[in-house]
Amino acid sequence: HAKLNLTLDVLGRRPDGYHDLRMIMQSIDLADILELDYNDTKELRVSTDLHFLPNNEKNLAAQAALRWYESAVVQNPGKWDTEDLKRSVNFDGLDVTIEKHIPVCAGLGGGSSDAAAVLRALNLMEDACLSPEAVASIGALVGSDVPYCVIGGTALAEGRGEILTPLPPLPRCWAVLCKPEFSISTPALFAKIDSVRLRCRPDTKGVIAALEAGDLAGVSRRMYNVFEDALPERQRTRVNDIKNTLIQCGALGASMSGTGPTAFGLFDSEDKAREAWERLREFGGEVFLAQTV
Ligand code: C5P
C-alpha cells in the first residue's frame with residue numbers, strides 16, 4: 001500500500017547524515033501488486049511493468065530480498081547454508097514481478113512499500129514466523145520508510161523513520177491525490193531543508209489527540225509538512241494550487257506527502273472526493289481516488 005504523511009516534521013540533522021523526523025503516517029488502498037516465485041536459476045530477478053525502473057540490486061524490492069536472506073541466516077543459523085549465501089543468496093532463485101500502480105518518486109512510499117511486501121511475503125513463504133517488528137527491523141536496512149510500510153495503518157514514525165508507535169486508526173475516509181508532472185529528489189530536498197527557515201511546524205500532539213477522539217476534521221485541518229517550505233518556488237506554487245482546488249471541492253484538509261510532490265486532501269464524502277478527482281484530472285498530472293486502510 002502507498003502511504004500518506006498526515007504530518008512531517010524534521011527535527012534536525014544527525015551526525016550520520018540522516019535527519020531526525022517526527023511524522024504521522026497513514027496507509028491507503030492505492031497499491032502495487034507483487035508476485036514472488038521460486039525459480040531454479042540461482043538468481044534473484046526483479047521485473048516491473050515500468051521500463052525505467054531498475055531490475056537489478058538497485059531496486060528496493062531486490063535489496064529487501066537480499067537483506068532478508070542475510071538476516072534469515074543470522075536469525076536461524078541452523079536453517080540456512082552460509083556457503084550458498086556467500087555465492088549470492090541461499091536459495092535456488094527468486095523472481096519478483098511488480099505491477100506498479102503507485103507513482104514513482106512521488107512521496108508515497110512506492111519503492112519502500114514494494115520492499116516491505118517482499119519481506120512480508122518471504123516471511124510467509126519461508127515459514128519463518130518472524131514478528132512484524134522483526135520483519136520491520138530488516139526493512140530498516142533497506143530504507144527509512146520500509147519499517148512503517150511493513151506495519152502500515154496509522155502510526156507515528158520517529159528517529160530516521162524506523163521508531164514506530166501505532167496510533168488509533170484515522171476514521172475511514174477518502175483521499176484524493178495529485179502528483180504533478182515533475183519529480184523531486186529526496187536526498188536533494190533533505191539537503192536543502194537544513195538551510196530553510198521553517199515558517200511553521202506541524203501540531204503532531206494535536207493530530208494524535210484528534211486521532212484519539214476519532215475526529216477526522218480535527219486531524220485534517222492540522223495536517224502539515226515542513227518540506228513544502230523547501231520546494232523551489234514554481235513547484236511550491238503548483239502544490240499549493242492542487243491543495244487549494246482540493247479545499248474548494250470540500251476537502252477537510254490538504255497537504256503534501258513525504259518529500260513530494262504529491263499533494264492530497266481528505267474527504268468525509270465520496271461524492272465530494274469524486275468531484276475533486278474529476279476537477280484535478282482537468283489540470284493534468286496523475287490523479288487518484290483512494291480510501292484509507
Ligand atoms: O533511508 P532512505 O534511503 O530511504 O533515505 C533516502 C535519503 O533521504 C537519504 O539518503 C537521506 O538523504 C534522506 N533521509 C534523511 N533522513 C531520514 C530519511 C532520509 O536525511 N530520516
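Any read-out appearing in this document is the output of simple, stated calculations on the displayed coordinates, not a laboratory observation. Because the structure is predicted, anything quoted here is derived from the model rather than measured. A quick note on method: Cβ atoms are made from the backbone with ideal geometry, for glycine too, and the neighbour counts reach across all protein chains shown.
At a glance:
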read-out: With Cα atoms, 0 to 90° folded angle of helix 110-125 axis to the chain main axis; value: 40
read-out: Expected-Rg normalisation [2.2 N^0.38 Å, Cα atoms] applied to segment 140-261; value: 1.10
read-out: Only Lys, Arg (+1) and Asp, Glu (-1) charged, at Cβ; the chain dipole about Cα centre in debye; value: 1240
read-out: Shape call, segment 90-166: gyration tensor on alpha carbons, a/c limit 1.5; value: oblate
read-out: Likely footprinting exposure, GLU212, GLU158, fewest C-beta neighbours within 10 Å first; value: GLU212, GLU158
read-out: Extension gain (nm, one decimal) between ARG279 and ARG45, 0.36 nm per residue minus Cα-Cα; value: 80.2 nm
read-out: THR97 versus ASP215: modelled label distance in nm, points set 7 Å from Cα along the beta carbon direction; value: 4.9
read-out: Diffusion coefficient, µm² s⁻¹, Stokes-Einstein with Kirkwood Rh over alpha-carbon pairs of segment 199-283 at 4 °C and 1.567 mPa s; value: 97
read-out: Karplus 3J(HN,Hα) series, Hz, for segment 209-214 with 6.51 cos²θ - 1.76 cosθ + 1.60 (x for Gly, Pro); value: 4, 5, 5, 4, 8, x
read-out: Extension gain, GLU270 back to ARG13 (0.36 nm per residue minus Cα-Cα distance, nm); value: 88.5 nm
read-out: Residues whose placed amide H lies under 5 Å from that of GLY253, excluding near-sequence neighbours; value: LEU266
read-out: Gyration tensor (alpha-carbon) shape descriptor, segment 175-223, a/c threshold 1.5; value: oblate
